[in-house]
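Here is the structure we will look at, set down as structure tokens.
The values are calculated or read from the model by the stated rules, or taken from the named source; none is laboratory data. Computed from a predicted structure; not experimentally measured. Reconstructed Cβ throughout: ideal geometry from the backbone, glycine too, with neighbour counts over all protein chains shown.
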Amino acid sequence: MMDAISISKARLRFGQTIALDDVSLAIPQGTCFGIVGESGSGKTTLMRAILGLQKLDQGDVCILGMPLSHSRAALKKRARVLQPIFQDPAASLSPRSRIRTLMGEVATVLNEPLAVTYERLGVILNRLGLPKGILDKYPHEISGGQARRVAIARALLMKPSILIADEPTAGLDVSVQGDLLNLLQDIRQSENMTLVVISHNLAVVRLIAENAVVMCAGKAVESGDVASMFQSPRDAYTRELLSAWPRLRVE
Ligand SMILES: Nc1ncnc2c1ncn2[C@@H]1O[C@H](COP(=O)(O)OP(=O)(O)OP(=O)(O)O)[C@@H](O)[C@H]1O
Ligand SMILES: [Mg+2]
């Protein structure tokens, strides 16, 4: 089967910092893939490269077998295929529009009757534990945890074939974290979506992903299926990550 995302020999530096050091990976369609690593290891940079928001010095990214293009038209078209949930969700919500407007835009993009979009939205808001009243608010009027869930709702509303979420559970109550991961997993299965989850929390990746890559200082130091990676980590850094957070758990 065709890969949802494939990256070959990605290299990128910011001045002296090597943010991506010869990273290659392939994410099969319809699977859940985890990207783990400590802060500054290059996870968000890798996501930005996949989204076409960050050009690489070297290497290639393909989305559903097509090489990534950086043109405006290509970016717009890609939004229907690949939806991001950014690490700082509040910053990704337009400050001047009510949440309702933000959601309503999806109807236009998908060329779908507004009533149908709102009906789908109702179901998603419900599953995310967001009250309908949130639609009347502006982004600065909601909490960080609500903003994250609003960003997730917006991304899901787009019915993307690939969803890439940067620390999706950050800032959420522990009780909601598990619900959210289950929701993403349910939607992935029912819509045959490809899900990429970035997290420094190994418990999150262990719970949700089939395959994962471990990033360290811009390098993919270990990759493979999550079960064997956690059972017998080959790399010293992965072992260290595992021992550093022995008790973290998503409930
Ligand atoms: N726009 C930029 N300009 C300069 N350096 C950058 C830029 N973006 C990222 N970096 C650097 O690249 C490295 C990787 O950063 P990145 O944000 O990808 O890490 P991360 O794994 O997402 O970390 P975190 O878990 O804290 O979100 C870091 O050393 C960071 O300081
Ligand atoms: Mg990051």
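Numerical summary
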{"item": "Scope the stretch 130-175; condition at positive phi and without any contact (Cβ under 8 Å) to a residue 40 or more places away in the chain; matching residues", "result": "GLY171"}
{"item": "Qualifying residue in the stretch 99-113 (condition: under 30 Å from VAL214 (Cα atoms) and loosely packed, with under 13 Cβ neighbours inside 10 Å)", "result": "no"}
{"item": "Residues located in the stretch 62-96, provided they are closer than 21 Å to ARG11 by Cα and under 16 Å from the mean Cα position of the chain (by Cα)", "result": "ILE63"}
{"item": "Selected residue (criterion: surrounded by the fewest Cβ atoms within 10 Å (Cβ to Cβ)) from residues of the stretch 131-160 that are among the small types (Gly, Ala, Ser) and touching a Leu at 6+ places or on another chain (Cβ under 7 Å)", "result": "GLY145"}
{"item": "Failed criterion for VAL174 (all others in (1) surrounded by 14 or more Cβ atoms within 10 Å (Cβ to Cβ); (2) touching an Asp or Glu at 6+ places or on another chain (Cβ under 9 Å) hold)", "result": "(1)"}
{"item": "Unique match (being at pLDDT 95 or above and β-branched (Val, Ile, Thr)) among ILE124, ILE134", "result": "ILE134"}
{"item": "Yes/no for GLY224 being more than 14 Å from the chain's Cα centre (by Cα), at positive phi and of a type in the set (Gly, Ala, Ser)", "result": "yes"}
{"item": "Residue that is β-branched (Val, Ile, Thr), buried (at least 21 other Cβ atoms within 10 Å of the Cβ) and more than 16 Å from ligand 1 (Cβ to nearest atom), where the choices are ILE50, ILE5, ILE85, ILE35", "result": "ILE5"}
{"item": "Residue ID - surrounded by the fewest Cβ atoms within 10 Å (Cβ to Cβ), chosen from residues in the stretch 8-32 that are closer than 24 Å to LEU75 by Cβ and within 13 Å of ligand 1 (Cβ to nearest atom)", "result": "PHE14"}
{"item": "Subset of the stretch 143-170 that is among the aliphatic types (A, V, I, L, M) and farther than 23 Å from GLY37 by Cβ - its residue that is nearest to ligand 1 (Cβ to nearest atom)", "result": "ALA147"}
{"item": "Selection within the stretch 194-221 - of a type in the set (D, E, K, R), over 15 Å from ALA26 (Cβ atoms) and more than 12 Å from ligand 1 (Cβ to nearest atom)", "result": "ARG206"}
